[in-house]
Amino acid sequence: MTKVYPQNVLPPRYQKGRKKKKRQNKQKDDIGVLSLLAASLRHQTTEFFNNSTLHGVRYIAEKERPFCEKFMWFSFTAIGAVATCIIIVSLWEKFQTNPTITGLDTDFHNWDVPFPAVTICDKNPLDEELLQEYIDKVWPAGAPANATRMLQWLATLSFRSIEESATTFITQHDLVGHTANDAPAPALDPKEAVFSIVQRCEAAFYDCEWKGDSEECCDFLVPVFTEMGFCYAYNSRHAEKSWPWQSQAQSELFTEAYIHETDSKWSFMFNSFRNTSIIDIYIHSTEEMAGLEQSAQLSWDHRVEKVSFSVKHTYTTEDARQLSIRQRRCIFADEVKLETSSIYTYSACMRQCRMQRSRSYCKCVPHFYPKTKGYRQCTVRELECIARYAAAITDVSRCTCELGCSHTVYEVEKLTEIDSSKGPVASNALETEFVSWPMVRYKREVLFGWVDLLVSFGGIAGLFLGFSLLSGVELVYYFTLRACCAAWRDGDALRRERAERLARPKPPYNLSLVPWWKKPPEPQDARPLQVKAKDLQPPKYSPPPLYTQYLP
């Protein structure tokens, strides 16, 4: 029975054949588009070489030029391009590694010279009377055996002492309790306990002088917790914001102390009641804080009466902000926001890094760190975790901190000891002063910025290749927009050109190794020689028997 199909509807087997043919035609169209784009790129390459402003490239594309001349110009252009790339890479490396220069700035008459912060850390800051009163208050029925030792340990707490002695006190339940519910006050709030047992300012210092004038010590010296324990500091921005014996004058905003060239003295002096204990003296910038990054300039045993120091201040000009932090190797004070300080400094960055690592390991930080949102201070029982990870927390290599772009280093130049022939061997007074008026500071400025880099690149590219910024735009234009537009607009012409090029017979190549100056090459015809079949002759050879003629 014959099947009748509606009009324009073919049997299934014919429909499959038509679909297959459509797919083949579609593949041919895709190949045609790619070939058309390739032909357009080929044509634009010739146009670019003929019309480019780059030196030497136009001679490479000229068809009338002999091969030797084309090769010569290609070699010159390639050598220039390679030399340009090598010099540009070296300039880029210089820009990335050494774009700044540090020089001397001697315009000292216009300076506002800040006096450094002086941090005074007594190795035994406890007040015996306050200590006994606190022990009787916390343990009225009788203090445990190591209560005094634990409180002294909390007053001088540091990572080293935590690592050495934390397990000694944590295992004694009468000191830290069995659980958090029955723990005594010093185990739950160590900072408050330290404030209750350390010496007050008026019981520790007297007869202070600032620039030769007598001043009240407690108006200048404020408590501060450092990574070496409880201390007092003068002219420090990082003092404790509140403490139990805080006065009204000390609650005001911090005012930095400056010295002037006409002052009678450039010093700060204090007297200590504790003439038997050793006191560590740290001299540092006002924005910095004494920490693990700095060693004490003096361990005062009361045989020195004057510390003379010099200052080396380095600042960075504002035009250095165009460089990255890795290039200039410093950070401006307002460039990176810290959680523990409004001003970026290296010590503040390192302190925050250690706080973050303590929080990540133990969910808390030791009480000698400032109270900061998001950081809970550890109880005494939780210090066991800090002791376990103390090495990892204090590992400097795990913190990515850079120096501040404005930083100051104070170096002790002279220690004046007591003249034993004139009086007692020990002294209660210590004076810290500038050894001389600071007449030199260091200025870091940009030596090789973005403009210098652009000028260097343009000069080198122009010297070797005649290349400019518009030459780069022209290069991109020829091989992107112009090539695509030509393929879309002049597709028929490009197809004809491609067909003629493929149909054109290839010229013969002279593979002779004889140099042209000995035997010039034979002139070539417009078209290559064509060898016909009738011109072919079979090779001559000795015929086999009974054969007297060549084989066909």
Collect residues whose amide H, placed 1.01 Å from N in the peptide plane, falls under 5 Å from the amide H of Ala233; neighbours closer than 5 in sequence don't count.
-> Ile120, Val222, Val224
Using all Cα-Cα distances in the range 209-331, what percent lands in each 5 angstrom bin from 0 up to the longest?
-> 2, 8, 15, 19, 20, 15, 10, 6, 4, 2, 0
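Over all directions, what mean area does the Cα convex hull of the range 99-154 project, stated in square nanometres?
9.0 nm²
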Once you charge only the Cβ atoms, +1 for Lys and Arg and -1 for Asp and Glu, what is the size of the charge dipole of the range 278-426 about its Cα centre, to the nearest 20 debye?
-> 740 debye
One finds the C-alpha centres of the range 321-350 and the range 146-177 to be spaced, in Å, by 36 Å
To one decimal place, what Kirkwood hydrodynamic radius in Å is obtained for the range 148-208 from all pairs of distinct Cα atoms?
-> 12.9 Å
Considering the Cα trace of the range 427-471, what is its radius of gyration and what is Dmax, both in angstroms?
-> 25.2, 78
What size of dipole, in debye to the nearest 20, comes out for the range 164-288 about its Cα centre when the only charges are +1 on Lys and Arg C-beta atoms and -1 on Asp and Glu C-beta atoms?
-> 220 debye
Probe 1.4 Å, accessible area per residue of the range 286-374, Å² = 44 Å²
Based on the Cβ-Cβ distance from Asp334 to Arg303, what FRET efficiency comes out when R0 is 45 Å, to the nearest 0.05?
-> 0.55
Return the distance in nm (one decimal) between the two label points of a simple spin-label model at Glu128 and Asn275, each offset 7 Å from Cα along Cα→Cβ.
-> 1.7 nm
Inverse mean reciprocal Cα-Cα distance (Kirkwood Rh) of the range 327-385, Å = 12.4 Å
The range 40-159: projected area of the alpha-carbon convex hull, averaged over directions, in nm² | 22.8 nm²
Peptides 448-456, 118-126: what's the order by average Cβ count within 10 Å, highest mean first?
-> 118-126, 448-456
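If you take the Cα Rg of the range 327-453 and divide it by 2.2 N^0.38 Å, with N the number of residues, what do you get?
Details: Rg = 21.4 Å, N = 127, 2.2 N^0.38 = 13.9 Å.
For the range 327-453, the normalised Cα radius of gyration comes out at 1.54.
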Zone reached by a paramagnetic label modelled 7 Å from Asp182 Cα along Cα→Cβ, restricted to the range 127-149 with backbone N below 17 Å, covers 139-145
Protection proxy ranking of 283-292, 479-488 - average other beta-carbon atoms within 10 Å, highest first = 283-292, 479-488
Keeping the other protein chains in place, figure out the carbon and sulfur percent of the accessible area of the range 35-176, with a 1.4 Å probe.
-> 58 percent
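The values are calculated or read from the model by the stated rules, or taken from the named source; none is laboratory data. This one's a predicted model, so the numbers in the text were calculated from it and none came from an experiment. Quick reminder, even Gly has a Cβ in these numbers, built from the backbone with ideal geometry, and neighbours come from all protein chains shown. When the accessible area is computed, the model is the full protein with side chains, heavy atoms only, and any ligands, DNA or RNA have been set aside. Shrake-Rupley method; radii C 1.70, N 1.55, O 1.52, S 1.80 Å.
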